[in-house]
Amino acid sequence: MKTISKVLKKDHLKSLLRKLAKDRQLVAPVRNSYGDTLFTEIEALDGVEIDLDNQAQSSLKSFLFPQQQVLFEYSTDQGSAPVYKAIDSDGPTVFFGLRSCDLAAILYMDVIFLKEVKDPYYRQKRENNILISIGCNEPFSNCFCRQTKSGPFMEYGFDLQLTDLGDRFFVETGRAQGEEIIQQWAHFFSPASKEDEKAQYQMRLEAQGNFKRQVLVDLAIRKLKDDLVPEEVWSKLSSRCQDCGGCAYICPTCTCFTINDRKISTDSGERIRTWDACTFAGFTTMAGGHNPVDMKQNRMKRRFMHKLYYDVKSHNRTSCVGCGRCVDMCFGGVDIIKFINMVGQGEI
Amino acid sequence: MTNSINEIEHSQVILVSGSNTVKTHPQVARRIFDAVDSGASLIVIDPRRSPLARHADVHLSIRSGSDIPLLNGMMRVILDENLADDAFVEMRTENYHALRDMLYRLDMDEIVALTGVSLDKISRAAKLYARAQNSVVCYCLGITQHICGTDNVQAIANLAMLTGNVEKENTGVDPLRGQNNVQGACDMGALPGVFPGYQSVADPEVRHRFERAWQVSLPKTAGLTVTEMTHAASDNPIKGMFVMGENPMLSDPALGLVRESFANLEFLAVADIFLSETAAVADVVFPAATFAEKEGTFTNTERRVQLVRQAIAPVGESRSDLDIITALSEKLGYPMPYASAAEVMEEIALLTPIYAGIFYDRLAPWGLQWPCFDREHGGTPFLHKYNFARGKGRFVPTSHKPPSEPTDAEYPFVLITGRSYHQYHTGTMSRKTPVFNRECPEGLLEIHPLDAKTYNIRAREMVRLSSRRGSIKVKVTLTKTVNPGSLFTTFHFAEAAVNELTVAARDPQAKCPELKVCAAKIEKLET
């Protein structure tokens, strides 16, 4: 599909979002009163500060794959068979202001939840999404998406991709829905001039050089593939892991979950699915107490191998999208950048 | 803490004593790791090889209850090596001669025998600590939960003053407080001898101020501490109790005594968010609201008063603690018509000098660290900058006091109690959470593989663990985290309630129970 290039004045962004949000939910990075920027469902656009200057601390994972999701409710009326009640579906949603890494993460989640086993709960939340991403002219402090090949700009996957050109956004379409928006709200957009195209090209080029950290992803992948990572790396890192699961929870592509039944009353309850983390011992502990992945260092190994090697083998891409969120999250300083560079530089 | 948590990151030497920091204070452990990454040295004093001890430059694996001889030994090395901060000692402290005389009389061989730590290690730790510009001590319940808890803390204070490690940024003495608001509870006078802000009930001027504010006459003598009440058994002078957010029927030592004390009450009311073991025996239970359902403040370990904002309305019939207290007070004939938690804070500011500048409108977003003396005051990141609260720091020599219950032929093991990462205290909250229960479903008794071999016990075998006061069944895990002759388990689990076994002995001054040492034995269960 040939992309259409347009220009949208920044002054008109909020008005456009208002139009799009009329018959859809709107989710965008919002700066709250604590100074935290989080992807937030916006009820009313007025008085809300949409923040495109800082990286959202959370990814969009929880909107498509909630941290805790009721799969169904059940009740038994005195001895009769349980009656299951399915959960209502959400309406269409516009996700605005996601970064290339967030977008890449959604595309990865699609592979997990929609490719072979089609997860109805995910699909129901993923259907009718409009994804409006924004390229990163200035990557944030822990970003390394260039090395994971998931940014700073994307070639596909978005409906619209914006590039910040100062007083205006350069707008590209990626999917049919994006074109429909441009057609339906044609008066918001003006054609992109030659200068605009040049400026955007220049931005994309410069962004490649604006990363603040050097992260040797390719080298690490190669060493993992050739099994050249000394045991010491794993034991050294894992001795500082505190078992909090924060890395997996904050990760936009960690999709492991567990299922529990919760009693509501004596004859009713609900089945819920919650996020889980492969770094927890209980993730693989079997009845009777045996754990095939017993030591913490093996659990950490499993996580990093999954991100950087198993997914490369089976899906031809890392499931680390280089967003850097886990770096600030980790209490023990056992983050993926540290690991990659320890392996990459052979520093041990 | 005399410091702020972030300062630990910039210390050159960190001495951690009696704290399983990685499991119990992960956010502090994070700063310690960061400091170690940037080149700081780490000294850990712990009978167990805790996760933090594995990262230590020097791990002093002492016998539980031998902190004072160890710290005295370190101070003696400091004197011998001429590493004391003479200027600080001269200008900011008093009674130094008493400490010095005591240290010079020490027999180092005896110290090695008492602590089980080699002289070389003691000496290395002492030199590391004393030579750095900024050394900080973090300690926790492994120091305080002994019959000599107060003296243990005094010994740490002696060490810090002797080396001048108190007055500056990134250096100090940091007791790590556990619960989100245990510091706040103490600040507010939830202690028997003080009004809010550690103002003594014995001081007539202070008492008069509170009497005027509250329009009542107030007692001039200190009340009882918790374990004095829960261990009084049949002599209990207390007839009625109101317990808020605490579960002594599982958390207090010597549970046999606790049960008897509660049974002898005429009336017990409990306010809690779940029906805890203590609430289950109450005459009246008030359903309390959780943190998300109320407004107020929590004061954390670095003395930071932080705002809690209500996120949702109280669920069901639950009510906030403030609501419960004011409603109860009104029924008792003393109306307390506070319109909001902010109004209570205004009264705190009025009556409590260290909180005098703390008002709700100043607390967003990051709170204030007391002492904060007026509205212009920006709070205090670290304490004792120009002088100590009492003026000069006083050295008080301390000497070894053996644990209340020595091991013997019948009870040959030292039993230490503590906590795990995925459960919290008596599990009132955490045991209702599926993932935590999966990660840590039951209490495990840590035993050294050599001891397990002696008793012919295999991993995950159920054994009987007994002391002179009771016995429980508990599953065993073999680990070199504990030394031979020591056992360790957690107190989270009612079905393996280790506090059935622990001793009732207390520190005579702080009345803190000796939860870290008791003599115990293990037996194989007949199958």
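What follows is calculated from the coordinates using simple rules that are stated; it is not laboratory data. Everything numeric here is computed off the predicted structure, so don't read it as measured data. Positions of Cβ are backbone-derived with ideal geometry, glycine not excepted, and every protein chain shown enters the neighbour counts.
Results, tabulated for the structure shown:
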item: Within the range B:152-247, trypsin sites (Lys or Arg not before Pro) in DSSP loop having at most 15 other beta-carbon neighbours inside 10 Å; result: B:LYS168, B:LYS220, B:LYS239
item: Inverse of mean 1/r across different Cα pairs in the protein assembly as shown, Kirkwood, Å; result: 30.7 Å
item: Relative contact order %, chain B, counting alpha carbon pairs below 8 Å whose residues are six or more apart; result: 16 percent
item: Computed over chain A: relative contact order in percent, which uses C-alpha pairs under 8 Å that are six or more apart; result: 21 percent
item: Lys/Arg +1, Asp/Glu -1 at C-beta; the protein assembly as shown dipole; positive extreme among B:MET188, A:PHE331, B:SER217; result: A:PHE331
item: The range B:5-176, dipole about Cα centre (Lys/Arg Cβ +1, Asp/Glu Cβ -1), debye to the nearest 20; result: 600 debye
item: Under the Debye formula (equal points on every Cα, no solvent term), log10 I(q)/I(0) of the range B:413-524 at q = 0.15 Å⁻¹; result: -0.64
item: Residue-averaged 222 nm ellipticity for the protein assembly as shown, from DSSP H runs of 4+ at -39500 (n - 2.57), nearest 500; result: -8000 deg cm²/dmol
item: Cβ neighbours within 10 Å from other chains - mean over B:361-372; result: 1
item: Descending semi-axes in whole angstrom, ellipsoid equivalent of chain B, from the Cα gyration tensor; result: 36, 32, 22
item: Cβ-placed point charges (K, R +1; D, E -1), dipole of the range B:433-527 about Cα centre in debye, nearest 20; result: 160 debye
item: Counting DSSP beta bridges with both ends in the range B:413-524, the antiparallel % (nearest 5); result: 60 percent
item: Reachable lysines, given that their alpha-carbon falls under 29 Å from the alpha-carbon of B:LYS524 and they are not under 8 places away in the same chain; result: B:LYS453, B:LYS473, B:LYS475, B:LYS480, B:LYS516
item: Selected from A:CYS101, A:THR3, A:ALA86, residue furthest toward positive end of dipole (the range A:1-136; charges at beta carbon); result: A:THR3
item: Neighbour cut-off at most 11 other Cβ (10 Å), DSSP loop, GluC sites (Glu not before Pro), the range B:245-335; result: B:GLU266, B:GLU317
item: All lysines inside 19 Å of B:LYS392 as judged from Cα atoms, apart from same-chain residues fewer than 8 positions distant; result: B:LYS168
item: Convex hull (Cα only) mean projected area of the range B:1-139, reported in nm² to one decimal; result: 8.3 nm²
item: Flagged links, alpha-carbon separation over 28 Å, of A:LYS115/A:LYS236; A:LYS301/B:LYS121; B:LYS331/B:LYS432; A:LYS22/A:LYS212; A:LYS14/A:LYS61; A:LYS14/A:LYS125; result: A:LYS115/A:LYS236; A:LYS301/B:LYS121; B:LYS331/B:LYS432; A:LYS22/A:LYS212
item: Net dipole in debye of chain B [+1 Lys, Arg Cβ; -1 Asp, Glu Cβ; about Cα centre; nearest 20]; result: 920 debye
item: Angstrom value of the Kirkwood radius, inverse mean 1/r, which spans all Cα pairs in chain A; result: 22.0 Å
item: Per-residue mean of C-beta atoms belonging to partner chains within 10 Å, peptide A:233-245; result: 3
item: Under-5 Å amide H pairs with B:ILE147, H placed in peptide plane, nonlocal only; result: B:SER404
item: Longest exposed-site-free window of chain A, the sites being chymotrypsin sites (Phe, Trp or Tyr not before Pro) in a DSSP loop that have at most 14 other C-beta atoms within 10 Å; result: A:157-348
item: Dipole of chain A, positive direction: furthest Cα of A:ALA220, A:THR76, A:THR274, with charges on the beta-carbon; result: A:ALA220
item: For the range B:223-237 versus the range B:295-315, the gap between their alpha-carbon centres in whole angstrom; result: 31 Å
item: Eligible aspartates and glutamates near A:LYS225 by straight Cα distance, threshold 19 Å, same-chain separation 8 or greater; result: A:ASP311, A:GLU347
item: Over the range B:413-524, relative contact order from alpha-carbon pairs under 8 Å, at least 6 apart, %; result: 37 percent
